[in-house]
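Derivation of every value follows stated rules applied to the coordinates shown; laboratory data play no part. Keep in mind the model is a prediction, meaning the values are calculated, not measured. Here the Cβ is made from the backbone with ideal geometry for all residues, glycine too, and neighbour counts use every protein chain on show.
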Amino acid sequence: MPFIPQEEFEGEEGRFKDLQPGEVLVGNLLTRAFVKFDRDGHIIVEANGDVEVTATGDVSVSAGDVTIQVENAIVDADSVLLGGTGGPAVARVGDSVSNGIITSGSSKVSAT
């Protein structure tokens, strides 16, 4: 059960507002960062700073569509398998291709 203080912090009321019946919000009143579980089953995460996810095991995301909007995406991996495992290598802009065979390029990226 989250603790929701009743006093004010720096001119703001000390609680999150506008929750509907059945909704749960856990957050930090000082930073206004929170995780909200709404009554429609959505989970909303809001942060004014970095968000870090750490797991000692695998992480799996299963969804209909995933939209990622970023300035830069950095993937640091030993292998990147686009579309699943076992696909052919992928040529990047500037890689050499001769008769449909990639003769120079990444050995880490493949696609099905």
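Could you tell me the distance between the Cα centroids of the range 53-93 and the range 33-51, to the nearest Å? When both Cα centres are located, 23 Å separates them. Summing Cβ point charges (Lys, Arg +1; Asp, Glu -1) relative to the Cα centre of the range 21-112 gives a dipole of roughly 160 debye. Distance between the modelled labels on Leu19 and Asn72, one decimal in nanometres: 3.9 nm (7 Å Cα→Cβ projection). For the residue pair Asp95 and Asp38, what label-to-label distance in nm results when each label sits 7 Å from Cα along the Cα-to-beta-carbon direction? Here the answer is 4.1 nm between the modelled labels.
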